[in-house]
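What follows is a set of notes on a single structure, which appears directly below.
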Amino acid sequence: MKDLLWLIVALPFAGALILAFAGGKLPRALSAAVGVGSVSLSAILTLIVGYEFLGDTTPYLQVVWQWFDVYGLSPNIGFHLDTVSLIFIFIITFVGALIHLYSAEFMWKEEGFVRFFVFMNLFVGLMLILVLADNLLFLYLGWEGVGLCSYLLIGYWYKDPKNGYAARKAFIVTRIGDAALAVSFYILFMSFNTLNIQNILMEAPETWTVGSGIAVATAFLLLGGAVGKSAQLPLQTWLPDAMAAPSPVSALLHAATMVTAGVYLIARTHVLFEIAPIAQHTVAIIGAATLLIAGMSALYQHDIKKVLAYSTISQIGYMFLALGIGAWSAALFHFMIHAFFKALLFLGAGAVIWVMRDEHNMFKMGGLWKKLPITFWTFLIASASLSALPLITAGYYSKDKIIWLAYASDKGSKGLWLAAIVGAFITALYTFRMVFLTFFGKAKAEPTHRPGWMITIPLVVLAFFSFAGGFIELPDNMGHLTLVSNFVEKTLPATTLLSLQPSTELIFQIISAVVALVAVFIAYKLFFNKPFPAAVPQRNAIQQFFFKGWDFDLVYDKLIVEPMVFLSKINKNDIIDKFYTGLAYIARQLNVLLSATQNGQLRWYAMIIATGAILILTIIFFP
């Protein structure tokens, strides 16, 4: 069944093509069936192929055809399946299918219903190309494709100028990282005369010495691409504005597609980072700094989706931290669990916004736990998982593993562990602030209706995985179940641990558990059943600083945007272009002179011919 790998990718594209060319003529229900069904079939095929792959985890390469062959550059349209790509395609298709089902009800009355599913299917298909591509050029096609789809979906409600601005911002900011990524691919091709990923990973350690300038430069350029797509420092500013997108788009963007692309890129090119230790350590530092900065910003948001946006930036920071310390399996384990609870949080928040007449302000909600019981309980499970509440949530096992390895890994440190544990405290605090403001206290408005089954089923399924998904990877003192690690380490290296006392891990686990529980308790004391006014909260200068994302946008506006606008105004007539317009002007004037000779008088033409003949004869005979 592995030979059906191409079909997993093709099905979402087939759905998009059908809807693009025939969707306007199809009934809305049939259009939804095509959009949801194509991705669902892809998810079913992924399970079938994955089941067969579990019996033989030897990497599988499927070459569909040769893309082109020009001067030694001959990339394939080829798909490479190993344990890493299988985890990603499972999340992309399975979570993607649930989000598509949810979307069929959520977007039912929206203008451009068919257009929405065309873009969503393309998003899934292009992300599948990104994670299955056997060469960097094909990967780059998927990479740029998901960037385009994010632009189209963030600006889906394009009639509102704010949404168009958010879409352009996401597209432009991520282009910075994409440019760095393209340069890194050029260096790799010039160094190895191939863009085949596996060939590069095999040849790089033999060709480049550890810490060499070219290895470090290439790794940093790859990192530039990763921080752009995954919204990490310093290119994180686009993601909060991307909440202009419909809630299902936010769920797909954050949980299963574009935002996780940077994590995949670093994991896939892990060999290049291992021979550039300073670049790999920078990955960890960026992750640690990002998770703290984004967490503090989430703590002061009033828009429920903005809280979740900053939360994603922070949780991806944990994954970067894990990648930077060589905890490859821990990063992918948290990626998988994060996909479940973050998709659930966005879908739950979307359901609340949907029934509250498009209200995003948590301070205008409250009292919803009785009125939306299924939404509340599933949202609570996801929130507990995000907060890493000990023992009972999947998020505890995935995040606590990263926190522990930030100290216990040979590339870890006390500083990285401290950043991770402080981040865990902030995460639990802002998460339960969100829960208490949204679902408890006095009701400030009444829901207009209740979600139907197409919204409810994805919430329940994701709630199950947000609770139970973590029990497939347990620490040494809780059963030592390592299904994820054993699986991932067939492709990626195992984490190298320091020699520590057996009781040390238990002490760190207790600290993590206490930190999370204390944060929930503080959130309870500050926000549970408190009579907050139904308005945007007043903030002092420091709170406003955190609310605005540490004023990164302000800094970029002053240092980059405003100078560019100033120079553009100076050069509004385009000085460079004056050279070309000058050439055009000279050509026009010569045309005027030459056209004056064309007056239609035969005697004039005869005189010109005679004069020309005399000049030619004179030149020939009297040189």
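Axis of helix 136-154 versus longest Cα principal axis of the chain: the two differ by about 80°, to the nearest ten degrees.
On a 0 to 90 degree scale, rounded to 10, what angle separates helix 575-596 from the longest Cα axis of the chain? Tilt of helix 575-596: around 30 degrees.
Count neighbours as other Cβ atoms within 10 Å of each site's Cβ, and list the trypsin sites (Lys or Arg not before Pro) in the range 404-507 that are DSSP loop with at most 16 such neighbours.
442, 490
Counting only Cβ charges, +1 for Lys and Arg and -1 for Asp and Glu, the dipole size of the chain around its Cα centre is about 2200 debye. Looking at 153, 221, 62, which one has the Cα that reaches farthest to the positive end of the dipole of the chain (charges on Cβ: Lys, Arg +1; Asp, Glu -1)? Final value for the positive-end residue is 153.
Inter-part distance, the range 36-61 to the range 285-308, computed on C-alpha centroids, equals 35 Å.
Each part reduced to its alpha carbon centroid, the range 166-201 and the range 95-165 end up 21 Å apart.
Across the range 359-467, Cα pairs under 8 Å and at least six residues apart give a relative contact order of 45 percent. Per residue, the range 8-98 exposes 44 Å² of accessible surface when a 1.4 Å probe is rolled over the protein heavy atoms with every protein chain present.
Normalising the average separation of contacting C-alpha pairs (under 8 angstrom, six or more residues apart) by the number of residues puts the relative contact order of the chain at 12 percent.
Looking at the range 95-140, which chymotrypsin sites (Phe, Trp or Tyr not before Pro) are DSSP coil and have at most 13 other C-beta atoms within 10 Å of their C-beta?
Values: sites: 102, 106, 108, 113, 116, 117, 119, 123, 138, 140; in loops: 108.
For chymotrypsin sites (Phe, Trp or Tyr not before Pro) across the range 95-140 that sit outside H, G, I, E and B with at most 13 neighbouring Cβ atoms in 10 Å, the list reads 108.
Taking 22 Å as the straight-line reach from the Cα of residue 401, the lysines in range (excluding those fewer than 8 positions away in the same chain) are 342, 411, 414, 490.
Mind checking the per residue accessible area of the range 136-278 for me, 1.4 Å probe, whole number of Å²? Write down the numbers at each step before the final one.
On the way: 4490 Å² over 143 residues.
Averaged over the residues of the range 136-278, the accessible area is 31 Å².
Roughly how many percent of the accessible protein surface of the chain is carbon and sulfur, given a 1.4 Å probe and a whole-percent answer?
Working: 18510 of 26460 Å².
Ligands and nucleic acids excluded, carbon and sulfur reach 70 percent.
Rounded to the nearest 10 degrees, the angle from helix 453-468 to the longest Cα principal axis of the chain is 70 degrees. The range 553-597 and the range 352-420 have Cα centres lying 53 Å from one another. Placing one equal scatterer on every Cα of the range 356-487 and applying the Debye formula, the log10 ratio I(q)/I(0) at q = 0.21 Å⁻¹ is -1.21. Less than 5 angstrom separates the built amide H of residue 371 from none of the residues sequence-distant by 5 or more or on a different chain.
Can you list the lysines whose alpha carbon sits under 17 Å from that of residue 442, skipping same-chain ones fewer than 8 residues off? Correct list for residue 442: 364, 370, 371, 525, 530.
Given the peptides 24-30, 208-214, 271-277, 220-226, arrange them by the average over their residues of other C-beta atoms within 10 Å, most packed first. Please list the in-between numbers first.
Details: 24-30: 11.4, 208-214: 13.1, 271-277: 21.3, 220-226: 24.4.
Most protected by this proxy first, the peptides run 220-226, 271-277, 208-214, 24-30.
Of the peptides 332-340, 70-78, 347-355, the order by per-residue mean of other Cβ atoms within 10 Å, starting with the highest, comes out as 332-340, 347-355, 70-78. The relative contact order of the range 22-166, computed from alpha carbon pairs under 8 Å that lie at least 6 residues apart in sequence, is 23 percent. Taking every protein chain into account, the accessible area of the range 317-397 amounts to 20 square angstrom per residue (probe 1.4 Å). Amide H contacts of residue 76 (H built 1.01 Å from N, in plane; Pro and chain starts excluded): 67 sit under 5 Å, all sequence-distant by 5 or more or on other chains.
The values are calculated or read from the model by the stated rules, or taken from the named source; none is laboratory data. The structure presented is a predicted model; accordingly, all values stated were derived computationally and were not measured. Using ideal geometry, Cβ is built from the backbone for each residue, glycine included, and neighbour counts are taken over all protein chains shown. Remember, those area values only see protein heavy atoms, side chains included, never the ligands or the DNA or RNA. Shrake-Rupley method; radii C 1.70, N 1.55, O 1.52, S 1.80 Å.
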